[in-house]
Amino acid sequence: SAVISQKPSRDICQRGTSLTIQCQVDSQVTMMFWYRQQPGQSLTLIATANQGSEATYESGFVIDKFPISRPNLTFSTLTVSNLSPEDSSIYLCSGGKGMNTEAFFGQGTRLTVV
Amino acid sequence: AQRVTQPEKLLSVFKGAPVELKCNYSYSGSPELFWYVQYSRQRLQLLLRHISRESIKGFTADLNKGETSFHLKKPFAQEEDSAMYYCALRDTGFQKLVFGTGTRLLVSP
């Protein structure tokens, strides 16, 4: 397994601004993912972060709103742009070391947009 | 489409009582099923996966392909089992997970 450090753990942001969330893994991982958990709802996959190339977004999520970087096998960032109150959620990053292996998670970022 | 359904948002039991957290899924391929748990102020972590067929912390879950279910069971609940439990599905050979909405288990003394 591996340990993912995610920061910030929480933030309160003004509408119209952006928040960048960072995830650092303590070892190399093949796959990294970003999820959103809106209040009272399940975790929904935003995108797969691909090392050295553009992320692969799920239906309903676009790069302009959720730009993702993954410069190497241990680090990724998610930016939530042009914030609105509807973006208030918990955002989680996840990693995996290969197909059919366990997925592990960061501690999450609780974002509140005011 | 892949879908995971957890019908109960909250399950409240007394210590020592049996527990069953329900999970049904919809998927046409060969999914892997998981249970993840999130204790208070801790990160989401894997509890068990169907291919392991093992018991973790006294919990077991059996994949029933006929009923498309993967219910989580424990014969005698403990207070430390109080947590949020998520059932999740993954297509074999891929990494991304589809989660249910979660069930909060509350075990009272």
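Couple of notes before you dig in:
- Pair list, Cβ under 7 Å, 6 or more apart: segment B:45-63 residue under 22 Å from A:GLN107 (Cβ atoms), other residue modelled with pLDDT under 85 and part of a loop (DSSP other than H, G, I, E, B): B:LEU46/A:GLU102; B:LEU48/B:GLU54
- Hey, B:VAL13 under 19 Å from B:GLU79 (Cα atoms) and within 13 Å of the chain's Cα centre (by Cα) or not: no
- Residues being open to solvent by less than 30 Å² (accessible area, probe 1.4 Å) and more than 14 Å from chain A (Cβ to nearest Cβ) - total across segment B:84-107: 2
- Matching residues, segment A:26-60, being assigned to a strand (DSSP E or B), facing another protein chain (nearest Cβ under 10 Å), of a type outside the set (A, V, I, L, M, F, W, C) and closer than 26 Å to A:PRO85 by Cβ: A:TYR35, A:GLN37, A:THR44
- Within segment B:1-44, the set of residues being closer than 11 Å to B:CYS87 by Cα, among the β-branched types (Val, Ile, Thr) and open to solvent by less than 40 Å² (accessible area, probe 1.4 Å) comprises B:VAL4, B:VAL37.
The values are calculated or read from the model by the stated rules, or taken from the named source; none is laboratory data. Being a predicted model, the structure only gives us computed values, none of them experimental. Here Cβ is always computed from backbone atoms with ideal geometry, including for glycine, and neighbour counts include all displayed protein chains. Accessible surface areas use protein heavy atoms only, side chains included; no ligands, DNA or RNA. Shrake-Rupley method; radii C 1.70, N 1.55, O 1.52, S 1.80 Å.
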